[in-house]
Amino acid sequence: MISIQNLCFTYGSATIFDDFSWQVQRAETWAVLGPSGCGKTTLLYLLAGLRQPRQGQVQINGEVQTRPRPQTGLILQDFGLLPWATVRQNAELGLEIRAFYGADGIHAPRNLPAAKSVEFWLERLGLGAVADKYPAQLSGGQRQRTAIARTLALQPDLLLMDEPFSALDAPTREDLQNLTLELCSEQNLTLVTITHAIEEAATLGRKILLLRHPPNREPLVFENPGAGQPGHRNSTEYVSLCKKLREEM
């Protein structure tokens, strides 16, 4: 699914990645963890095609990324909702933009199977009752669910999330973490989530990539197969992993 080969990326004189290679298989769920300034968001933008490496390649499904690809969904920390549009209108936005360009293979993929309707995603994400409300009238969790509905309506195969739950209260955050894993399993999505929270990484990522202070040269990967399983947060494996990640950071 994702193949990063000999990646080099710099900001001015600061080297963030130096000859860095990393692989992600289809339908895997990854959390990318590390301290501020380690390159987590930079990595996400490289995967999304919003940044380009100085050297090396980022490939998704065998294609070198030189621009954003239409099958990649990106969900940001601030939700990215239009304040003057209703929940339904925000959820429809991506489809409207695709319709403007047509199935050109650049802005919209060709030969997609029949999509689930926006109404389906609004109901699936518990937004049916607030579909005609505006973002200012919603809770933080409802705004993030709207952003997720807008993204899933586009039928992505890769879902990138940049600290999507950091501004939410603990119960809402846990609810959306569980929902995200359910949706990825249902839709066979590959997930890469950026987080600075050790517990969130151990909850969302069945594999965890730990970045350290740059330059990053070798990927440090932790296996976490219990992520998403009932009772995982209370297991000794979860506690042990969080302790190890804290020590490594």
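Worth a mention:
- Each residue in the range 106-138 was checked for being among the polar types (S, T, N, Q) and modelled with pLDDT under 95, and 2 pass.
- The condition of being of a type outside the set (Ser, Thr, Tyr) and surrounded by fewer than 17 Cβ atoms within 10 Å (Cβ to Cβ) holds for only one of Ile106, Ile75, that being Ile106.
- Arg217 basic (Lys, Arg), over 17 Å from Thr29 (Cα atoms), in contact with a Pro (Cβ under 8 Å, 6 or more places away or on another chain) and assigned by TED's automatic domain parsing to the domain that holds Ser13: no
- Selected residue (criterion: farthest from Leu168 (Cα to Cα)) from residues of the range 180-197 that are among the aliphatic types (A, V, I, L, M) and out of contact with any strand residue (DSSP E or B) (no Cβ under 7 Å at 6 or more places or on another chain): Leu183
- Residue check, Gly37 in contact (Cβ under 8 Å) with a residue 60 or more places away in the chain and crowded, with 20+ Cβ neighbours inside 10 Å: no
- Top-ranked residue in the range 139-169 [being out of contact with any helix residue (DSSP H, G or I) (no Cβ under 7 Å at 6 or more places or on another chain) and part of a loop (DSSP other than H, G, I, E, B); ranked as nearest to Val118 (Cα to Cα)]: Gln155
- Only one entry in Thr195, Thr190 is touching a helix residue (DSSP H, G or I) at 6+ places or on another chain (Cβ under 6 Å), surrounded by 16 or more Cβ atoms within 10 Å (Cβ to Cβ), not assigned by TED's automatic domain parsing to the domain that holds Ala149 and not acidic (Asp, Glu), namely Thr195.
- The residues in the range 17-27 that are in contact with a Gly (Cβ under 9 Å, 6 or more places away or on another chain) and either surrounded by fewer than 22 Cβ atoms within 10 Å (Cβ to Cβ) or outside the structural domain of Arg212 (by TED's automatic domain parsing) (or both) can be counted, and the count is 2.
- Within the range 221-236, the set of residues being under 19 Å from the mean Cα position of the chain (by Cα) and either among the hydroxyl-bearing types (Ser, Thr, Tyr) or surrounded by fewer than 16 Cβ atoms within 10 Å (Cβ to Cβ) (or both) comprises Val221, Glu223, Pro225.
- Residue within the range 98-119 that is under 23 Å from Thr41 (Cβ atoms) and not in a loop (DSSP other than H, G, I, E, B) present: no
The values are calculated or read from the model by the stated rules, or taken from the named source; none is laboratory data. Being a predicted model, the structure only gives us computed values, none of them experimental. Ideal geometry is used to build each Cβ from the backbone, glycine not excepted, and the neighbour counts take in all protein chains shown.
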